[in-house]
Amino acid sequence: MTAATGRHEVAAPVRPAFDADRVRADFPLLSRSMRGKSLVYLDNAATSQKPRHVIDAIHRYYETLNANVHRGVYQLSEEATAAYEWGRAMVARYLHAPSPAEIVFVRGATEGINLVAATFGRRHVGPGDEVLISAMEHHSNIVPWQMLCEERGAKLRVIPMNERGELLLDRLPDLLTPRTRIVAVVHVSNSLGTVNPVREIIQEAHARGIPVLIDGAQAAPHGPVDVQALDCDFYAVSGHKMFGPTGIGALFGKRALLDEMPPYQGGGEMIQSVTFAKTTYAPLPMKFEAGTPNIEGAVGLGAAVDYLRQLDWDAVARHEADLLTYATEAVSSIPGVRLVGTAAHKASVVSFVMEGAHPHDIGTVLDQEGVAVRTGHHCTQPVMDFFGVPATARASMAFYNTRDDVDRLVAGLHRVRELLVK
Ligand SMILES: Cc1ncc(COP(=O)(O)O)c(C=O)c1O
């Protein structure tokens, strides 16, 4: 009620600001100091920090649940199996997969893509066929396809991009040919930050009956993914980039495709019955999980998703967009700095070069200031070639980063100029 009118105001809906400081308290490592200063961690695209929820879940797993899964008739093994399968169910929910049976645990996005290349690829790609990727792929979405193409006598084709780091979608109709057997495209570029219009790419490919794999390693850390809305055929993620443990990741695949694909590796766990004459395979998803799996990883990834699910993702999106705008303006206004990757639709990644300072030297000086950024080609050498740079410095931000972190980065970059730029 206002004093002046005595009437109730119809308030504009309150859009709560994201409380990054509160969230930071959940991540023990963020309170570390580095080089005598408080750590500013801006290398989230390489790997993200872990909330206590994840650390505790792994700890608890070893203290109370450890046993091998799927094989024991005793209670402890049943409980370990339940924890492992809970992790799978959590990932299925985060990716909106129709069923946990369509989630295969792998070591990370790299293994997820290799699995598809080695199984679906070997079955469907033959001499003269084509695999279509994009100009901004991580090496892990180039090399497996290149290896497959070499083996099968097939051709790797590439969707080009423009100077801003945006894919040229008008080239798609020519690139999707009757010989294209699969399209494999990154959702969010790790070196440029570009968010690709993957829904459109999937629709174009599906209109020609071509399946699509999406490399979601950099998308999943920025919010839940809906593989059903995207209608992608495969979607690969890495646990360690989505605030979970290393050594675990997930591959979503549509059931019909996973069913008809041959197994990836042979061994225990993935069989139904074995004789020397013939082996029959376990149903999904076990068919693709040979050997004792990363149980602790699955439990930790489940806990990461459990943590992520309670965040207000609209607020996170606004917070990350604010960080991106703030960092883009601040970094690009430093004399001699050129941004690499200026797409209209970006995740919170700022890649740049500075005249007169090699990216590795930038990284070293920033480290002295307690600021961790990545420098190098970011496993995207073709992207570096396209932009005519050997490497970039990259600040990649997660929801727990703040404007203060960006201020520290910018202060560090001024220090780089003082020390290195004549
Ligand atoms: C876009 C993209 N795809 C795939 C990967 C590979 O992920 P991992 O090394 O966790 O398998 C990365 C890692 O940086 C990435 O950024």
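The values are calculated or read from the model by the stated rules, or taken from the named source; none is laboratory data. The shown structure was predicted, so the numbers you read here are calculated from the model rather than taken from an experiment. Cβ sites come from the backbone with ideal geometry, for glycine too, and all protein chains shown count toward neighbours. Calculation scope for accessible area: heavy atoms of the full protein, side chains included, ligands and nucleic acids excluded. Shrake-Rupley method; radii C 1.70, N 1.55, O 1.52, S 1.80 Å.
When the range 198-225 is filtered for residues that are away from the ligand (no atom under 16 Å from the Cβ), open to solvent by 10 Å² or more (accessible area, probe 1.4 Å) and over 19 Å from Gly302 (Cβ atoms), the ones remaining, listed by number, are Arg199, Glu200, Gln203, Glu204, His206, Ala207, Arg208, Gly209, Pro211. Within the range 183-197, being buried (at least 23 other Cβ atoms within 10 Å of the Cβ) and more than 12 Å from the ligand (Cβ to nearest atom) holds for one residue alone: Val183. For the range 33-50, the condition of being modelled with pLDDT under 95 and either out of contact with any strand residue (DSSP E or B) (no Cβ under 7 Å at 6 or more places or on another chain) or not hydroxyl-bearing (Ser, Thr, Tyr) (or both) holds for none of the residues.
The number of residues in the range 370-382 being on the phi < 0 side of the Ramachandran plot and either within 11 Å of the ligand (Cβ to nearest atom) or at pLDDT below 95 (or both) comes to 2.
Listed by first and then second residue, the pairs with beta-carbon distance under 7 Å, at least 6 apart or on different chains, first residue in the range 230-256 and within 26 Å of Lys50 (Cα to Cα), second within 15 Å of the ligand (Cβ to nearest atom) and of a type in the set (Asp, Glu), are Ala236/Asp215; Gly249/Glu111.
Residue by residue, here is whether (1) of a type in the set (A, V, I, L, M, F, W, C); (2) surrounded by fewer than 20 Cβ atoms within 10 Å (Cβ to Cβ) holds:
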{"residue": "Ser38", "(1), (2)": "no, yes"}
{"residue": "Ala46", "(1), (2)": "yes, yes"}
{"residue": "Lys50", "(1), (2)": "no, no"}
{"residue": "Arg60", "(1), (2)": "no, yes"}
{"residue": "Asn68", "(1), (2)": "no, yes"}
{"residue": "Arg71", "(1), (2)": "no, yes"}
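Taking the listed residues Arg171, Arg179, Arg164, Arg152, the one that is in contact with a helix residue (DSSP H, G or I) (Cβ under 8 Å, 6 or more places away or on another chain) and open to solvent by 30 Å² or more (accessible area, probe 1.4 Å) is Arg152, with no other qualifying. Here Thr375 passes the criteria (1) surrounded by 15 or more Cβ atoms within 10 Å (Cβ to Cβ); (2) in contact (Cβ under 8 Å) with a residue 24 or more places away in the chain except the one numbered (2).
Pick out the one residue from Val340, Val353, Val349, Val305 that is more than 21 Å from the chain's Cα centre (by Cα) and open to solvent by less than 40 Å² (accessible area, probe 1.4 Å). Spell out the reasoning first.
Values: Val340 fails: more than 21 Å from the chain's Cα centre (by Cα); Val349 fails: more than 21 Å from the chain's Cα centre (by Cα); Val305 fails: more than 21 Å from the chain's Cα centre (by Cα).
It is Val353.
Whether any residue in the range 101-112 is surrounded by fewer than 20 Cβ atoms within 10 Å (Cβ to Cβ), more than 11 Å from the ligand (Cβ to nearest atom), in contact (Cβ under 8 Å) with a residue 60 or more places away in the chain and closer than 18 Å to Cys232 by Cβ is what I want to check. Yes, the range 101-112 contains at least one residue that is surrounded by fewer than 20 Cβ atoms within 10 Å (Cβ to Cβ), more than 11 Å from the ligand (Cβ to nearest atom), in contact (Cβ under 8 Å) with a residue 60 or more places away in the chain and closer than 18 Å to Cys232 by Cβ. The residues of the range 234-286 that are more than 16 Å from the ligand (Cβ to nearest atom), touching a strand residue (DSSP E or B) at 6+ places or on another chain (Cβ under 9 Å) and part of a loop (DSSP other than H, G, I, E, B), listed by number, are Lys254, Met261, Pro262, Pro263, Gly266, Met270, Ala282, Pro283, Leu284, Pro285.
Checking the range 192-206 against the condition returns no match, with no residue being within 15 Å of Val116 (Cα to Cα) and at pLDDT 95 or above.
Only one residue in Gln368, Gln265, Gln310, Gln381 is within 19 Å of Gly165 (Cα to Cα) and either out of contact with any helix residue (DSSP H, G or I) (no Cβ under 7 Å at 6 or more places or on another chain) or open to solvent by 60 Å² or more (accessible area, probe 1.4 Å) (or both), so which one is that?
Every option except Gln381 fails the conditions.
Of the residues making up the range 127-148, those that are away from the ligand (no atom under 16 Å from the Cβ) and either under 19 Å from Leu168 (Cβ atoms) or not aliphatic (A, V, I, L, M) (or both) are Pro127, Gly128, Asp129, Glu130, Val131, Leu132. The requirement of being of a type outside the set (A, V, I, L, M, F, W, C), over 30 Å from Thr325 (Cβ atoms) and touching a residue at least 60 places away in the same chain (Cβ under 8 Å) is not satisfied by Ser189.
The set of residues from the range 274-302 being buried (at least 17 other Cβ atoms within 10 Å of the Cβ) and charged (D, E, K, R) comprises Lys287, Glu289, Glu296.
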